[in-house]
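The values are calculated or read from the model by the stated rules, or taken from the named source; none is laboratory data. Quick caveat: nothing in here was measured; it's all calculated off a predicted structure. Note that each Cβ is placed from the backbone with ideal geometry, even for glycine, and that neighbours are counted across all protein chains shown. Heavy atoms of the whole protein, side chains included, go into the accessibility calculation; ligands, DNA and RNA do not. Shrake-Rupley method; radii C 1.70, N 1.55, O 1.52, S 1.80 Å.
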Amino acid sequence: MMVAAALLAGCGTTKKEVDPTAGWTAERLYQDARQEMSAGNWKDARARLEAVESRYPFGTFAQQALIDQAYINWKDEEPAKALAAIDRFQKQYPSHPGTDYMLYLKGLISFTPPSAALANVTQQDPSERDPKGLRESYEAFNELLQRYPNSRYAPDAAKRQTWLVSTIAQNEVHVAEYYYKRGAYVAAINRAQTVITDFKGVPIAEKALYLMYLSYDKLGQTDLRDDTKRVLDTNFPDSRYFKEGLDAKVNYWNPINWF
């Protein structure tokens, strides 16, 4: 009986949590969210925007709320949530005027993974990381440039795309060098060849050709080795790789210093 009485007393003192935004219009919720965004209060801003989307799913405020959710999640280092918001937006509003911005933001999310912020400290080259995010970023920027060439975001997207092409090519060369050092010369040639055929004009092509030259030499393919050297000499006269070997320093581009 004493336990029951205590439980009843506890229930009697429990108050229902009151939602301070109950009854707010979509406009008021959205304006309050913008104020929280300006103050950097991502959690409260997200709550208001989610309320707009759930309570008023139709209309311009719901559309803008979804755009802002993607931005907030990106700023709050929640890339998975940001990408989910972008995906939802693209499915619900495929012809929305803000699609170019969402594609640009999608590219940025994959372009700057959390580990990139520490690149200056760890000295890790971006091309040594998993290229999946780099390729996803490239695809988003490429879609933006193809669909909206006159977008205000196009010039910056084009610069980032140039860096991405070079960095993905560098990743291919990292893999080719890995194979070469382990005696997998055919695999090294195939990976280096990809750089020559798929990434025209990138600086790392010099090292890719040198790896092919070394691999053909190891395989005893003298004709192919000599052909590769002719191409290397034509495009990169006096290549430093013949003097310094695979340890020759390469000027890798760092996006942190670019943007």
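Observations on the structure shown:
- Test result for LYS91, touching a residue at least 12 places away in the same chain (Cβ under 8 Å) and not β-branched (Val, Ile, Thr): no
- Residues within the range 180-215 that are among the basic types (Lys, Arg) and open to solvent by less than 50 Å² (accessible area, probe 1.4 Å), tallied: 1
- Residue check for LYS218: at pLDDT 95 or above and open to solvent by 50 Å² or more (accessible area, probe 1.4 Å): yes
- Selected residue [under 17 Å from GLN31 (Cβ atoms) and assigned to a helix (DSSP H, G or I)] from ASP87, ASP68: ASP68
- Checked against the criteria, ILE72 does not count as among the hydrophobic types (A, V, I, L, M, F, W, C) and in contact with a His (Cβ under 9 Å, 6 or more places away or on another chain).
- Residue check, ALA9 small (Gly, Ala, Ser) and either open to solvent by less than 50 Å² (accessible area, probe 1.4 Å) or at pLDDT 90 or above (or both): no
- Scanning the range 41-62 for residues that are touching a residue at least 24 places away in the same chain (Cβ under 8 Å) and part of a loop (DSSP other than H, G, I, E, B), we see that the one that is most open to solvent (accessible area, probe 1.4 Å) is TYR56.
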